[in-house]
């Protein structure tokens, strides 16, 4: 997992032309990125935030490395306001839900809410909007964001060309560790948008919530037909999840499972930015090429 993260980091910093100063700051602005999609966008652009919410978990979940000197302001739902005031940022990038939980953050520094809906397009387009918003907030020239966005799409185009022609219908699932059901990523989700750009069809055409996600029992997967199940691996739960699936008669009776059309990919952040999207595209491609576990 870490090697792929490092590969992605080097790839993205190479894209932005930052080999020697990948973590160079833009100007003297001190930015706190409570929103993770904004934080990873800044890092992809070579800007190191002064602080990020829940740095320990960020380092576990996100595909880009976080420098050791980035401070932790606590979880996004309970920001450490005293520490935030001590950091004295010039700008705080936050999502609307976090701001609702701690509205007095706006008294500490200027606050900008990260986009939560694409100006036009799907969830992948939103990642580009976030990239542009974060870069603009950091005072970067738009051309810098243009380069990262364009090269990211170029990389996805390269991945698309690598995929077998016969591989087309995919269902991205997060299995329940109890073996009772799955979380399905459908239209409107980041996996759904990534699948589309890889030239793949999202096999789930059923209901989804506002985030493009649906939680269901295994029985909901019987009508999908010919599809490959791409299963998300949560390392801490992998043993328990695998055991639960192996002992579930319903899961084992699903056509895709019986016929061996399942692949595992490493976990990703489903509400991430353009780096998370590229990380997911890399993982899905590797899995479908037979490199997945």
Residue 263 being crowded, with 19+ Cβ neighbours inside 10 Å, outside the structural domain of residue 154 (by TED's automatic domain parsing) and free of Cβ contacts under 8 Å to residues at least 60 places away in the same chain: yes
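Only one of 194, 182 is touching a helix residue (DSSP H, G or I) at 6+ places or on another chain (Cβ under 9 Å), closer than 28 Å to residue 239 by Cβ and assigned to a strand (DSSP E or B); which?
Details: 194 fails: assigned to a strand (DSSP E or B).
Of the residues listed, the single one that is touching a helix residue (DSSP H, G or I) at 6+ places or on another chain (Cβ under 9 Å), closer than 28 Å to residue 239 by Cβ and assigned to a strand (DSSP E or B) is 182.
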Taking first residues from region 110-126 that are more than 17 Å from residue 35 (Cα to Cα) and second residues anywhere that are at pLDDT below 95, the pairs with Cβ under 7 Å that are 6 or more apart or on different chains are 125/118
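Give 231, 280, 245 a once-over and let me know the one that is out of contact with any helix residue (DSSP H, G or I) (no Cβ under 8 Å at 6 or more places or on another chain) and modelled with pLDDT of 95 or more. Even if it seems obvious, please write down each step before you answer.
On the way: 280 fails: out of contact with any helix residue (DSSP H, G or I) (no Cβ under 8 Å at 6 or more places or on another chain); 245 fails: out of contact with any helix residue (DSSP H, G or I) (no Cβ under 8 Å at 6 or more places or on another chain).
Result of the check over 231, 280, 245: 231.
Mind listing whichever residues of region 137-152 are assigned to a helix (DSSP H, G or I) and in contact with a strand residue (DSSP E or B) (Cβ under 9 Å, 6 or more places away or on another chain)? Reasoning before the result, please.
Start the filter on region 137-152 by keeping residues that are assigned to a helix (DSSP H, G or I), which leaves 137, 142-152.
Within region 137-152, 137 is the sole residue that qualifies.
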Determine which member of the set 88, 106 is surrounded by fewer than 18 Cβ atoms within 10 Å (Cβ to Cβ), more than 18 Å from residue 275 (Cβ to Cβ), touching a residue at least 40 places away in the same chain (Cβ under 8 Å) and not assigned by TED's automatic domain parsing to the domain that holds residue 283. 88
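Can you tell me which of 51, 38 is touching a residue at least 60 places away in the same chain (Cβ under 8 Å) and either outside the structural domain of residue 140 (by TED's automatic domain parsing) or in contact with a strand residue (DSSP E or B) (Cβ under 9 Å, 6 or more places away or on another chain) (or both)?
38
If I filter region 211-218 for residues that are assigned to a helix (DSSP H, G or I) and under 25 Å from residue 193 (Cα atoms), do I get at least one hit?
Narrowing region 211-218 to residues assigned to a helix (DSSP H, G or I): 218.
In the following step, the residues that additionally are under 25 Å from residue 193 (Cα atoms) were identified as 218.
Checked region 211-218: at least one residue is assigned to a helix (DSSP H, G or I) and under 25 Å from residue 193 (Cα atoms).
The values are calculated or read from the model by the stated rules, or taken from the named source; none is laboratory data. Not measured: the values here are computed from a predicted model. Virtual Cβ from ideal backbone geometry, glycine too; neighbours counted across all protein chains shown.
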